[in-house]
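Below you'll find the structure, written out as C-alpha cells, and then a few comments.
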Amino acid sequence: MTRNSASPLRLLPALVLAAMEASVALGQVPDPAGAAPAAAAPVDESPLLVEPKTPEEQFRATLLMLRLARPNVARLYLEQFMAGNPDDDLVLKLRDEYGPATFIRLHNAKELRPLSTRLLDQVNEAFRRRGADPDRINRLVDDLSGPPAERAAALSALRDAGTVVVPHMIRRLGTAGDERRDELLSALTQLGPRVIPPLLGALDAPDPDLRAAIIQVLGRVGTRDVAASLWHPAYAREADHPAGVRVAGQEALARIYATTHADVAQVSSTSAAKELERAALVHFRREHPWQPAEDGLVEVWVWNDEPGTVEAVRMTPDEASLAAGTRFARQSLSIGAEDTNRQALYLALALSAAGERAGGTQPLPSGPGTAFDLALSAGPDVVSRVLALSLEHRQVRAAVAALQVLARIASARRLLGTDAERSPILVALNDPHPRVQFAAALTVLQIDPPQRFPGAGRIVEILGRALNDSGVAAALVVHANPQAAGDVAGFMQQMGYGETYIAQTGREAFLRAAGQGDIELIVLNANVIRWPLSETIANLRADSRTAGLPIVIFGPEREQSRVQYLLRRDGLLTYVVESNTLEHFEAQARPFLDGLKVPDLTAPERAARAEAAAYWLGSIAVGRRVDLYDLAPAERALASVAAEPDVGHNALIAMSAIPTRTVQSRMQEVVVNVNAPLENRVTAATELAAHIRRHGVLLSDAELVALGAARQAASEPELATALAAAIGALRPQPAVVEQRLRSYGR
C-alpha cells in the first residue's frame, strides 16, 4: 500500500470526527464514556450523534452532509428545514451568514432539487423585496448624511441591493437641497455602471435641474455607449433643454471622450444630428447588443410622472430597439437642418413600431394619429426613401408598410425610376422576402401603369407563386435517397411544418421552390446531385423567388468543415449533422430556425394572399392588361385552384385570357365535376364559352361528349344556362340544331 492510499481503518475515525464536529457545531457535546461501539451506518442514515432540532441546525446539517458527500442525508435535513416553512427573515438571516453562493451550491446539487430550487427562489425573492422596501431604502439614503462608518455601511447596502434603489434615489434627488443633492450624486456615482439604465430613463424627467444632475452622473460612470443619449441634451434648442442642461451634456461628453469642454462646444448641431441618426440606424437594423433574460425580454427604464421617478418596463429586444431608435431619430430631426434621409429614417421606425404593435402580420391601423396616415401625408418622395432605406437594411415590416402607402399616393412615373436610381418599387419586386415581393406586386397593380416597364414580368410570377400555396408552412427536403429524405421529412413535420415535399436533385429542388409560395425552408443534403451543393445554393440565391429561403444543410460530421466557407458568407445557411433521432436533429436546427427574425406567414395570411392573387390575376384578364402582364406563366397555378371555393372563380376568369388547349380542358373538367362548388362550375362554363368564341374549339371529342352529358344532367338553372351558352359556342351542325328545336317544349 502506498503512502497516498487510505485504508478503511483510516476512514472510520475521520467519519467519527466529522460527526463530532457536526455535534459541536449544533451546540451538542457527545459523551465518549457512554458511547457504545458504533455499527456501520446504512447509506441514508445520518452520521450525526444528535439530530438537529431548530431550522438553523437543520440548514447547517444540510450543508455538512453535502460536504461529506452524503447528498441523500442532506436532502432529508433540507426536507425538514423546508417543512418548517421558513419565513423571509430566516432565509435572509441565513443568506447574510452564509452568503448567496451557498444557496447556488445547494441549487446545483441535483439530488436536492426541486427543494433547493424552491429555496433559492425564495431567498432571491425575499432579498428583492427587502431591497425594494421604500422605508428601508429611505433609511439607507438618510444614513448617507451620517458619520463615515454609517455612510459606508449605507453605501454598501445600496450597492448590494442593485438597481431597485435607483428610482428612490432619483426621486429624492428631485426634491433635495444642494447639500443633499451632492451626497446623492456622489452615492449614485459610487454605485457604478449598474445605475446607467435607470438614469437614461430619467433623461425624460420634466425638471431641467434633475436632468442636469442625472447627466453629471452619466458623465462620470458612462462609457461611449452612453454618449448617444447625451447628444440631444448637449445640443438641443432652448425649448427642449435650457442652458444648464446643455452645459451639463457637453461636460459629460467631454468626460466620456476624454477631451475638453471647449472642444465639445465647437461641435455643430448638424454633427450632433448625424450622431443621433447613426444611433437610430443601429436600432433600426436591430444591431444593438441587448442582453435578454431567460424569457427573451429586456428591461428598459422609462420616466413615470406620477411617482416622479423611473420604472422598469419589460419588452422584446425588437420593441426596445424600435422605441430607442424612434427617440434618437426624433431627436435628430429636432436639432438638425431639414434632411430627407433623417425624415425617412424616422418615418421608417414609426412604421416599424406600428407594425410591431399590430402583431407583425396584421395590417397597419389607419386613421388620425396613426403612423400610416402620417406616411400618407409625408408624400411619395419621403415614402420612396423610406422604402429604399428599408430594403437596404432588410427591414421587412417597414418595407411592406411603405409599399402599402405608395400604392395610395404614388404615380405611374415612380415605376420608371431615373437614370441615377432605379425605382425602389421595382427593386422590391426582387427582394428576397416573399412579403415584400407580394406587397410590391400589389402596389404596381394599384398604381396601374399605362405601359410596360422593367420588371413587369415579375408581377404574374409573384401572384402565381402566392396562389400555388398549400395554406401552411412547408419544408422541402432534398436527398438522392428517397427513404433518407422521407426520414428527414418526418422530422420536419414533427417540428411544425404542416407540409413537406421531397426532391431528389438540386435542379428539381430549385424548380419546386421557385414555383411554390408555401415553401419556407429547404433542408439540403450535403451530397446533393445534379447540381452539386455549391451550385444548388448559388442558383437558389441568384433567383429572387428563392433568394430569401433559409437553408439547412445536413450530412456527416466530416463534411461540415468542407462547407464552412458557405456558412461564413450566408446568414440564412446552417449545417446540421445527420441524425437518426428527432431530438438530436432538432437540437441542432432549432436555434437557427428560432433566430430567423421575420415571422413565418400565418395560415390566414396565406389564404388572404391567395385570394388577393386570384383577384388581381382575374383583374388583369378583365381589364385588358394582358398586353402588360402575360398570364401564361401562371396557368399551372391557376389550373390547380380552379375548383377551390375561395379562389376558383377569379382563377377561371384569369385563365380565360390564356389561349391554350389546356385551359379549355381544365375548364371542361371543372364544369363536369359534380363535386366542385356550383359557383365554380357556372363560372367555368361561362368562361369556356367565351374562350371558345375567341380561340375556337380546342377540346377533344371525348371532352365534348362529357360536356353535352353535363348539360343534360344539369338541374340547377344557372348551371344549365351557362352550359347552354357553352354548347352554343361550339356552333353545332344544322341537323343538331333542328333536333334541339323540335324537342323544345315537349
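The values are calculated or read from the model by the stated rules, or taken from the named source; none is laboratory data. Predicted model, so just to flag it, every value in this text is computed and none were measured. Please note: Cβ atoms are built from the backbone with ideal geometry, for glycine as well, and neighbour counts cover all protein chains shown. Protein only, heavy atoms only, side chains kept; ligands, DNA and RNA dropped before computing areas. Shrake-Rupley method; radii C 1.70, N 1.55, O 1.52, S 1.80 Å.
For the pair A312 and S377 in one chain, pulling the backbone fully straight at 0.36 nm per residue adds 19.9 nm over the alpha carbon distance. Can you work out the PRE-style zone for N124? Point 7 Å along Cα to Cβ, and I want the residues of region 278-320 with backbone N under 12 Å. Residues passing the 12 Å test: 293-295.
Per the Kirkwood formula applied to alpha carbons, region 45-90 shows a radius of gyration over Rh ratio, Rg over Rh, of 0.96.
Taking Lys and Arg as +1 and Asp and Glu as -1, the other residues whose beta-carbon sits under 12 Å from that of F510 total +2.
For the chain, the solvent-accessible area works out to 49 Å² per residue, with a probe of 1.4 Å and every protein chain left in place.
Between 0 and 90 degrees, the angle of helix 115-132 with respect to the longest Cα principal axis of the chain falls at about 80 degrees. Computed over region 356-447, the convex hull of the alpha-carbon atoms projects to a mean area of 5.6 nm². For S334 and S186, a Förster radius of 45 Å and the Cβ-Cβ distance give a FRET efficiency of 0.85, rounded to the nearest 0.05.
When both region 162-203 and region 415-478 are represented by their alpha-carbon centers, they are found 54 Å apart. Amide H contacts of M315 (H built 1.01 Å from N, in plane; Pro and chain starts excluded): V298, V300 sit under 5 Å, all sequence-distant by 5 or more or on other chains. If the segment from K110 to A480 were pulled out straight at 0.36 nm per residue, it would be longer than the present Cα-Cα gap by 128.6 nm.
With a simple spin-label model that places each label point 7 Å from the Cα along the Cα-to-Cβ direction, the separation between T581 and D160 comes to 4.5 nm.
Taking DSSP loops as anything outside H, G, I, E and B, show the longest stretch in the chain free of GluC sites (Glu not before Pro) there with at most 13 other beta carbons within 10 Å. Excluding the exposed sites themselves, the longest stretch runs over 422-746. Counting Lys +1, Arg +1, Asp -1, Glu -1, what net charge surrounds A485 among other residues with beta carbon under 14 Å of its beta carbon? It works out to a net charge of -2. Choose one of T326, T54, A466: the residue whose Cα lies farthest towards the positive end of the charge dipole of the chain (beta-carbon charges +1 Lys, Arg; -1 Asp, Glu; about the Cα centre). Selected residue: A466.
Assuming charge only on the beta carbon of Lys and Arg (+1) and of Asp and Glu (-1), the dipole of the chain about its Cα centre is about 2020 debye to the nearest 20.
The separation of region 498-526 from region 604-627, counted between C-alpha centres, amounts to 25 Å. Using a probe radius of 1.4 angstrom, the carbon and sulfur fraction of the accessible surface of region 396-480 is 50%. Between R694 and D646, the modelled labels are 2.7 nm apart [label points 7 Å from Cα along Cα→Cβ]. Scaled against the 2.2 N^0.38 Å expected of a compact globular protein of N residues, the Cα radius of gyration of region 488-535 reads 1.15.
For the chain, the antiparallel share of DSSP beta bridges with both residues in that region comes to about 25%.
Shape analysis of region 169-215 places it in the oblate category; the axes a ≥ b ≥ c from the Cα gyration tensor give an a/c of at least 1.5, with a/b not above b/c.
A simple spin-label model places the labels of R568 and R661 5.6 nm from each other, with each point 7 Å out along Cα-to-Cβ.
Extension gain, L511 to E605, is 31.5 nm, computed as 0.36 nm per intervening residue step minus the present C-alpha separation. Look at the Cα gyration tensor of region 176-254: its axes a ≥ b ≥ c give a/c of at least 1.5 with a/b at or below b/c, and that counts as oblate.
Between N341 and A262, the FRET efficiency from the beta-carbon distance, with R0 = 51 Å, is close to 0.95. From its DSSP helices (H runs of at least four residues, each -39,500 (n - 2.57)), the chain gives a residue-normalised ellipticity at 222 nm of -18500 deg cm²/dmol.
Axis angle, to the nearest 10 degrees, between helix 243-256 and the longest C-alpha principal axis of the chain: 80 degrees.
Roughly speaking, what % of Cα-Cα pairs in the chain are separated by over 41 Å, rounded to a whole number? Everything past 41 Å amounts to 56 percent. Globularity index of region 448-510 is 1.57 (Cα radius of gyration / 2.2 N^0.38 Å, N = number of residues). Helix 717-729 and the longest principal axis of the C-alpha atoms of the chain enclose an angle of approximately 50°.
With a 1.4 Å probe rolled over the protein heavy atoms of all chains, the accessible area of L596, L688 falls in the order L596, L688, largest first.
Loop-located trypsin sites (Lys or Arg not before Pro) in region 481-550 (DSSP state other than H, G, I, E, B) with a sparse environment of at most 14 neighbouring Cβ atoms within 10 Å: R530.
Among the trypsin sites (Lys or Arg not before Pro) in region 589-622, those placed in a DSSP loop whose Cβ has at most 15 other Cβ atoms within 10 Å are K597. Region 219-289 and region 685-699 have their alpha-carbon centroids 72 Å apart. Pairwise alpha-carbon distances in region 136-270 exceed 22 Å for 37% of all pairs.
For V302 and A542, the FRET efficiency from 1/(1 + (r/R0)^6), where r spans their Cβ atoms and R0 equals 45 Å, is about 0.45.
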